[in-house]
Each structure stands twice: as structure tokens, then as C-alpha cells.
Amino acid sequence: MFRTAIKSLFAHKVRFVLTAIAIVLGVSLVAGTFIFTDTINSQFDDLLDDIYAGIDVSVRAQSGDFSAGTEPFPSSVLADVEAVDGVEVAEGGVGSITAQVLDKSGDAIGGQGPPTLGFSWGEAASLNPMRIKDDAGRAPEGRGEVVLDANTVTNAGFELRDSVTVVAFNGPEEFELVGIASFGNQDSLLGATIVMFELEEARRVFGFGDELTGINVQAETGVGAQDLTDRISQVLPSGVEAVTGETEQGEQAADINEGLSFLSIGLLSFAGVSIFVGAFIIQNTFRIVVAQRTRELALLRAIGATGRQIRTMVITEALFIGFVGSIAGIIFGFVMALLIRGLMNLLGFGVPPGALVLLPRTIIVAMLVGLTLTLLSSLLPARKASRIPPVAAMREDAARTPRRSLHTRAVAGTVITGVGVLLLAVGLFASVGRAIIFVAAGAAIAFIGVSVLAPLAARPLADVIGWPLPRLFGISGLLARENTKRKPRRTASTASALMVGVALVAFFSVFGSSTKASVSETVFELFPADLTFQSTNQTDPEMPAAISPAFALELETYGELGVVSAMQFGRIVIDGKTHFLGAFDPSTIDQVLALQPNGDAISAVSEPGSLIVASGFLEDNGWQVGDVVSVEFARTGVVLMPVVGTFETDDFSNIYLSTETFKSNYRYVGDGVVLANTADGVEVVEAKEAIAPTVGSFGNVKAQTKSEIVDEAETQIDQALALFTGLLLFAVLIAVLGITNTLTLSIFERTREIGLLRAVGMVRRQVRRMIRWEAVIIATFGAILGVGIGIVLGWAVVQALADEGFGAFSIPIGQVILALVLAALAGVLAAIWPARKAARMNILDAISSE
Amino acid sequence: MTTAATTTYAARLEDGVKTYGDGDSAVHALNGATAEFERGRFTAIMGPSGSGKSTLLHCIAGLDSLTSGSAYIGDVDLSTLKDRDLTLLRRERIGFVFQAYNLIPSLTAEENILLPLSIGGKKPDEDWYSQILDTVGLRDRLEHLPSELSGGQQQRVAAARALVSQPEIIFADEPSGNLDSKAGAELLAFMRRAVKEFGQTIVMVTHDPNTAAYADRIVFIEDGKTVDEMIDPTADSVLDRLKSLGG
């Protein structure tokens, strides 16, 4: 039986290849994602190994629940650590993520993808992973000197002893490039921009006093890292902690892993969609193939094969295709990994080149995915094959199993769709944990339900879609339309695969379009300010990067501007949960930000040490105005603060302090946002132009009007949409291959018919046109179902998010029409090969009677 | 070639050779066959299995190409035509009736009859169409799909389709081969009437003496060559002739 199965596969190469491609594409996305993330992971692991090679103990401010802290502690700690028995070398330094290097034309380098990191230069070579490259200058020694990483120097076209502008705590300053450093022997630290100063200079540039942000310790030979850590801990003041280098390396690796797992979950979700679509295609192909082989299978039955053997044979064939497809998918996964890497680089993440990593886990998962996919897809067709009666070998009509009644199909489809919708609703509207799983499972089940119902709609919809065809293209058009109606189940199944991809594209379009509408409303309601200034640096993706305090001061010197109001942002811990808070100047904030305060909340918060909260947040915590609450800051620890008022607008932050209170609890390194109004009678454009020199000199500050903020948000949404659509293209591509597959198998079935048409005078062009329009109808059918589902899904999600500022539901009509047109074009592409094949069919094969 | 000759014959084959494969395994389906088919007559081509009669029909009808020699429809040499022109020629000047699978299953009887015209984007001549429908006797079944018609009805639809574009010549390949004797007789009688009443030219391949007896003339073929012919045959005379040919 196994040999029979394999022989039959090789006898039908095209069918075999087309089915395998669907598997290859799905599996390669899975494999590619793993290969890509494993590669980055191993690169980071190597990197961290290098960084922590000489570090046995790391001393740092206690970070507690605050992520990413560069909180300083007094320099005096260093002397205490050095005095501990067993310390070979200890070196203190400062680090900051606020430094920004400008290129020769004054634009910011880095910060959008890979981070910009500022450090003091470590004198102890064993503790400093950076090296000055040969013949590339020297370490920084004093004021006005800077060292950059070699990758940044090359990219920006700097040369040794060039003047380089760095914007940090004191605003833009010029430094002399005295050295070019490599990381071990690598020029690039994964694309990060690294800027280094001598310790004293670093403190000045980053805005530190007589402080350190970290001490690295190397133990004497024979002293264990853990022992030394314990001993050092004894001498540290409260708020400062010692951990082993290994521990810190582990923490960093875990952080990187978390970031990467976010990416891989995203990519794997799209791979999942592709595989889901692939399952439709593969099942459909097997079903058609079984139908076409009825006589052959019946003959096997007639000469003594059992139904069970037939089933085993069909499943064996499927598994063989799955096996070959999975292997090819793993190989193609390398290409996919390179594509993902290229895409990431295109998006501004400097992913370094390097050998791709294939872990055994990747192979196992990919094989499992590919084999399970084909196995599940072949079960129903195999069962059908096993039920073919032997008499079908002699009588063609004997094989036709009675059609399940439309009624049964309608009921089954409705029930399945209903279950899917129910799960969706639970995920969206009930507050359950892991809502996304309910949503995803609900959507998948709803898709299956609709695909069960789709054959019912195939005939009427084909009539509607194909209505103009006979008028436009005569008999070719008529036949195209009628052919799609002949096997409604086949047409619907093929269209359903496309439906899934199109539905998700449509969903994202609707969601994006609604988000845009909501963003526009929010911005115009929330920001009365004429101009908003923010950093372009996104090293910390969760918080706006600080703009040098010098910037707001400089803005105030312009007569074109009226009020200039700076805001600061920070993290805070309440009851063990981290929150974001904002700080403002109570005397000017009401002119630039619409907080909708209740009563005199804004003037009340000018009382030092007090805070105001959003009224919803107050309720959630069970607080009342006047309560004194316990909050924890990274710098000052637990502080008791009175709640002195409430406000209604919670789009930005739930908690606000005055800037004065902020400065006494945080290390003030700059402003998160600066808001400004123009002076009376000055146009916004005019003012923006006047302050351009100041904005330009800081390099990393962008000035935006209200509509520019909206534009930017819309651009970002569009980019995200483009990215999602791009990732969904794989699913669409698989669906298009499915159309090709179905048509190829169908024209094979219709050999005689096409031959007859050719004999009585149909030219090849008409044959091609007939197949092409058949494909267009199938594709449009799928796209219409998909767009419908996508819009409904988008509407549901927007309703579910109504509490989170989604006021507007908007259907992007243009994009929807575009999707339909593109789907029709995809149909044209899908038909190229089968249409050619049909047009070239040998007429005699078709008409000669057996 | 004289002008008179080209106008007398609806189709001709001159020294037709058709070889499949090459070298030792070459099969000569036609081996220098020559035949003429006069206008307004019903000609049958007879021969034993493998004699090349179907190949002869395919080559002269523009469905297959000769290895050497010439096939003419009217005075058009088919070997000079590219696929497109050959297809147009079949569409406009030739009608076909095959043994089976004559109809497109997704089209109604009427759409099938009108197929050669619709492919060319043409409308039927109303009088002619009406006359055909009366002769075939299928007026009440026009909206039916082929699967709803009997075998005999299907073949009559095919015959009507062959007639509808008023072709110069109709080729039929065992048209009654799959029919019971009553339905077969009806179909052949209908074809006979088309020749007698409308002056249609029909060339039919068959191996059955009773079927061949409906023709005005029979061309016998053996081993890829035309070997004999017979005018105004009867079933008995055909049988006698076949015996003498050793078929």
C-alpha cells in the first residue's frame, strides 16, 4: 500500500508540488521565526558573555519594581567596596540613556531602533568590554573629549579629531572625537550608538553630581563571586545592592528574551494564520484528488483492498507530502529568517549579520506543524475515499455519495459560526484572563463555520459577481460563471482560504481607520497647546525620552511664544504595581493641557509633596480626596503623599505631581514633553519658523503642531497596517496558490469539455479568458466574505475598546474597494498557469473516445 | 489542380501521411491516403479498427495535423494555417458530432446548440434555427441540462449544434455508437434529411454496415490507405464488400 501511495504521488507531480508549497510556506514562517529569534538570542548571549567576562560582582541602586534604572548613589560607596576583603579591582562609573549624538548635518543618530547609550570610560581593562581600536586614538582623558563606537563613526562618516555634537543634560555641546572603540573585536554592539566620556566629564554631561550609577568588581583569584557579593552587601548603604555578574547577566538575558518573545509571538501568530489557510487548501486538494481517483480507488477495492487500507493509503500520501513539505519548509525557513532580518533592518533595528542558528527544537516544531497540518487535513478526504464502493470501478455514478442535505449544512454551519461568535464575544466583552486566546480561537472557529456555510452562498453569489460576464465576454464569461457554480463546495472551500487572509487585512484596516479617527479626536480635545516638543529618541519605548532642561529655557527667550510649559514623566510603585506619572507646572498647565480638573485640583497640587489622580483611578483604589497614600520612588523610597484633587482626562496618565515635587523625588535629567502657545497675534507657522534654529541645534527634538501630531500618529498607524498586511500576504499567497491548485485539478477533470469547445471553434484566448474569469469569481467571492467578516470583527473590537478612548468606528471604503480589486487581480494571477494549460490541451485527447 | 476541382469538393485529402513516434517504434496511422468529399453528399468512411479512419477524419477536419501530404477544406490548405486560423475555420466552416461527450454539461440544450455561434459572438438565423429545431424535435427540452436528456436526445442536440452555423461540412465520428438501435436510427435519419433537404455535406466515420448504409457513398480504408469505394450502399452490399476486404 505504501508503494502504491508513493507511486501515485509521483505520477501527479503538479498536484504534489502545489500541495507541498502550501505546507512549505506555512512551515517556513514558523521555522524562520525560530531561526531568526534564536540567532539574535545567541548573538546577545555571546555579547553578554563578553560584557560580563571580567565582572564578578555588580553594585547598583536597588531597582525593585522599577525597570531600567540608572539611578545614582553617592561616590563614597566605592571606597567602602574597595576595602572589602577579596576585591581585586573595583571601578565605579556612570551611565545614561539621555545622550544623543548628532551627525554632520545636525540630525540625531540612532535612538529610533537600537538604543543610544552613554557611559563613563572604564580605566580597568578587565572590567571594560570596550577597546580603543589600533591606530584609532586613545581613551577620553578630560573635558571636551569623546569616544564613539566604530560602527557609529563609520556610519556618520566621522574621522578622528572631528568635532562631534552631543546633546545631553546641558543641551548641545561640541566634543573632540579622540578615540574610536570596538566592542571586543566587533565594531558594532548590535547597532547601538555608544558615546563615552572620562568619568568627571560624563557626570557633567549626564547631569550627575558626585555620584555613580554602578560599580563593577573583579574578585581576587580563589574568591567566589557569591561569597564576595555577600561580603560587599554588608558594607552597602540602604538603597544600594550587590549582585553577582552572573545574576545581572541573567537579568539582562531575560529582558532581551522577553522583548524577543514578543516579536516571535507576533510572527508566529501570522505563521499560524498561514497554516490555518494552508489547511483549507490542503483539505480541498485531497478531497478533489480523491474524487478524481474514484475509479482507481474502486478498482483497488474490487481486487481486494479493504476500506481501511484505502484510508491508510490516502493518509500515507498526505504524510509523505507533509514530510517533504516540512523539510523544504525548514530549508526555506533560513530564507525567511533572512527576510525577517532584512525587514527589521528596514524598520530601523540594526540587526547584525551573522550565521543563522538552527536549534533541534526548530526542526521538531516545524516537522510537527507540517505533519499535523497534513494529517488533520487528510482525515476527512481519507474517510470519504474508504467509503467508495468497488462497483464504482465500473459505474461512474456509483461513487456519488448522496449529498448531505442543505438543511444539515446550514444547521452545522450556523452552530459552528455561533460558537465562534460566542467565544469572540466572551474574549472581547467579558473580563476574562487571556482574552486574546478567546478572540483568536473564536475568530478561527467562526471562519470554519462561515466556510461550512459558504457553499450555500456560492451559487447565488457567483451569479451576482459573474452577472456582467456573459454580457462582456459572451460564452467565455457565461461558462466561467457556470463552472464556478458546478461544484459549490469546491468553489466555496477555495474561496474560504482567501476569505481568512482578506478578513484579517480588512479587520486591521477597519481597526486602523477607527484608531485614526479616535486619535484625531483625542489630540484636538486634549492638547490646547499650539506647539508640542518631544524627543525623537525612543530608547525607552515606554516613556518619552528626556529633552535637555536647557531646551525649555531657550524657548522662553522667544517673543513669538507665549506660555512655555514643560512636563516630566516617571515611574512610581503603588501597592507593588508600577504606574506612570506626569508632572507639570501648576501655574501654566491649564493653558496647554485639557486635564478637566475637578474644582481647584491644579492649584492644590502646587502644595509640595501632594498628588492628584484621575477620578476613575481614585475609585479603583478605593481612595478619597484628602487620603494620604503610600507611594514608592526609586530615588527617595516610600513617601506618604496626600491626594489633593481629581481630574477626568486619563488618556495620558492617571497620576500627576507638580514639577517641584517631581524634582525632589526623581533625578531630574530633562523634560518629557514641552508644550507652548504662541504669543498673542502670532501665527503658529510663524512661531514655529522663528524657533527653528533652537529646535535644530538640539538635533533630537521635534516640534509639532496639533495637526502634525495627528499626521504622525496616522503615519505610524499606516506603517503598522502595512506591516501587518505584509505579514498577511503569506496567507493570501497560500490562498492564491489554492485557487491555482483547484483550477488545475478542475481543468484536468474537464479535459473533454475543453477539447470539445476547442473543436467547435473556441480559440485559445477564449479558453484562457474562461479560466481566468472563473478564478476571478472565486477570488472575489472569498474577498467579499472576508471583507464582510473583517468589518464585523473590526466593529466588535472597536465596541469592546470603547472604554479606552475608541469613540469612532470608521470603514475605510477606499481600502475595502482596493482589497476587492486586488483580490480579483490575485485571481487573474492564480489563473495564469491553469489557463495556459487549458489552452494548450490536446484536442484529440479530449474528444477521442476510449 | 483545376478550379473545377476545388469547387466540386467540400474537402479533400491528398497523399495524407500521419506518423506517430519515430524510428522503429513509428506507427503509420495514415500511409498515403487520398480521398475527396463532394458537396451535398453523405459520405461514410469505413474500415476495421486501427485502419486509420478516425485519424483521417481528425486530419481533414483540422483537429490534427498531417505528417506529410495535404488536407483541404474547400480550397484552403489546412497545413498553412496557424492554430488561431484553424480554430476560426472549424468554428465557421465545420460542424462536429462525436460519439460521446458532445455537450457542455453546464450549458442548457439551447446554449449547447448555439455554442459555435456564441463563441463567435453571433446570433442564429431565426428561420434556419427554427427549421432545425422542428427537424430535431427538441423544442420542449431547450432549457434542460444535458444530464436531464436521454442519450438519443443528447446526440440530436449535438447534431443540431453542428447544423446551426450552416457549415460547409459536418464531420461525425461514430455518432450513433453509444445509442440503442432505435435512437441511432432516428439520429441517422435526421442526418440523412439534412443532406437531402438542406444540401448539407456530411462525412461520417463508422465501423457498422447498418450505419454506413445511410450514406450516399462509402470510402473504405485499410492500413492507412483508401482502398475502395461504393456508391448507394445497402447494409448487405457493405457486409459483402467488407468480407472481400478481409476486414
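None of the figures in this text is laboratory data; all of them are computed from the coordinates on show. What you see is a predicted model, and the numbers here were worked out from it, not measured in a lab. We place every Cβ from the backbone using ideal geometry, glycine too, and count neighbours over all the protein chains shown.
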Report, in degrees rounded to the nearest 10, the 0 to 90 angle that the Cα long axis of helix A:225-235 makes with the longest principal axis of chain A.
-> 40
Cα centroid of the range A:157-205 to Cα centroid of the range B:156-188, whole Å = 93
Per residue of the range A:660-671, in order, report the coupling 6.51 cos²θ - 1.76 cosθ + 1.60 (Karplus, θ = phi - 60°) as ³J(HN,Hα) in whole Hz, putting x for Gly and Pro.
-> 4, 4, 4, 5, 7, 10, 10, 7, 7, 10, x, 9
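Go through B:122-131, B:182-191, A:720-729 and give me the packing order, highest mean Cβ count within 10 Å leading.
Order by mean packing, descending: B:182-191, A:720-729, B:122-131.
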So what is the relative contact order of the range A:541-617, in percent, for Cα pairs below 8 Å that sit 6 or more residues apart?
-> 20
Placed amide H near B:GLU229: partners under 5 Å, 5+ positions off or other chain | B:PHE220
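Based on the alpha-carbon gyration tensor of the range A:138-230 and its eigenvalue square roots a ≥ b ≥ c, which shape applies: rounded if a/c is under 1.5, prolate if not and a/b is larger than b/c, or oblate? Don't skip to the end; give the middle numbers.
Values: a/c = 2.56, a/b = 1.52, b/c = 1.68.
Because a/c hits 1.5 or more and a/b fails to exceed b/c, the range A:138-230 counts as oblate.
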Mind checking Rg over Rh on the protein assembly as shown, alpha carbons, Kirkwood formula for Rh?
-> 1.15
Dipole in debye (nearest 20) - the range B:45-191, about Cα centre, beta carbon charges: Lys, Arg +1; Asp, Glu -1 = 220
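Net charge within 12 Å of B:LEU179 by Cβ-Cβ distance, Lys/Arg positive one each and Asp/Glu negative one each, not counting B:LEU179 itself? Walk me through the intermediate numbers first.
On the way: positive: B:ARG156, B:LYS182; negative: B:GLU174, B:ASP180, B:GLU186, B:ASP208.
Result for the neighbourhood of B:LEU179: -2.
Within 10 Å of each Cβ in peptide A:477-483, how many partner chain Cβ atoms are there on average? Round it to a whole number, please.
Values: counts 0, 5, 7, 0, 1, 7, 3.
Taking the mean over all residues of the peptide, I get 3.
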Could you work out how far helix A:764-800 tilts from the main Cα principal axis of chain A, as a 0 to 90 degree angle to the nearest 10?
-> 40
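Could you work out the local net charge near B:LEU114, counting Lys and Arg as +1, Asp and Glu as -1, over the other residues with Cβ closer than 10 Å to its Cβ?
Working: positive: B:LYS122, B:LYS123, B:ARG161; negative: B:GLU110, B:GLU111.
Residues near B:LEU114 contribute +1 overall.
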Spatially proximal lysines relative to A:LYS485 (Cα-Cα < 20 Å; intrachain offsets below 8 disregarded) = none
Cα centroid separation - the range B:210-240 against the range A:240-304, whole Å | 69
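What does the structure give for B:49-58 when I average, per residue, the other chain Cβ atoms found within 10 Å of the residue Cβ? Please report the intermediate quantities before stating the final value.
On the way: counts 0, 0, 0, 0, 0, 4, 2, 0, 0, 5.
Mean shielding by partner chains, rounded to a whole number: 1.
Of the listed peptides A:507-514, B:237-244, A:794-801, what is their order by residue-averaged count of other C-beta atoms within 10 Å, with the highest listed first?
On the way: A:507-514: 23.6, B:237-244: 15.1, A:794-801: 18.5.
Going by the mean number of other Cβ atoms within 10 Å, highest first, we get A:507-514, A:794-801, B:237-244.
Excluding A:VAL776 itself, calculate the net charge of residues whose Cβ lies under 11 Å from the Cβ of A:VAL776, where each Lys or Arg counts +1 and each Asp or Glu counts -1. Intermediate values should be presented prior to the final figure.
Working: positive: A:ARG481, A:ARG769, A:ARG772; negative: A:GLU774.
After counting each charged neighbour, the total is +2.
Taking the Cα centre of chain A as the origin, how large is its charge dipole in debye, to the nearest 20, when only Lys and Arg (+1) and Asp and Glu (-1) carry charge on their Cβ atoms? Please report the intermediate quantities before stating the final value.
Values: 59 positive and 85 negative charges, 2191 e Å.
Taking the Cα centre of chain A as origin, the dipole is about 10520 debye.
Return the average number of partner chain Cβ atoms within 10 angstrom of each residue Cβ along peptide B:79-92. Walk me through the numbers before you get to the answer.
On the way: counts 0, 0, 0, 0, 6, 3, 1, 2, 11, 2, 1, 7, 6, 1.
The per-residue average across the peptide is 3.
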In sequence order, what are the phi-derived ³J(HN,Hα) couplings for the range B:92-104 according to the Karplus relation 6.51 cos²θ - 1.76 cosθ + 1.60 with θ = phi - 60°, rounded to whole Hz, with x for glycine and proline?
-> 8, 10, 10, x, 10, 10, 9, 5, 8, 6, 7, 10, 7
Top positive-direction residue, dipole computed over the protein assembly as shown with Cβ charges, set A:LEU127, A:THR247, B:LEU30 | B:LEU30
Relative to the longest principal axis of the C-alpha atoms of chain A, give the angle of the C-alpha long axis of helix A:13-51, reported between 0 and 90° and rounded to the nearest 10°.
-> 10
What is the set of long-range amide H partners of A:ALA679 at a cut-off below 5 Å, with H atoms built 1.01 Å from backbone N?
-> A:LEU561, A:GLY562
Sorted by packing (mean other beta-carbon atoms within 10 Å per residue), highest first, where do A:784-790, A:561-567 land?
-> A:784-790, A:561-567
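With both partners inside the protein assembly as shown, how many of the DSSP beta bridges are antiparallel, as a percent to the nearest 5?
Values: 89 of 124 bridges.
Taking every DSSP beta bridge with both residues in the protein assembly as shown, the antiparallel ones total about 70 percent.
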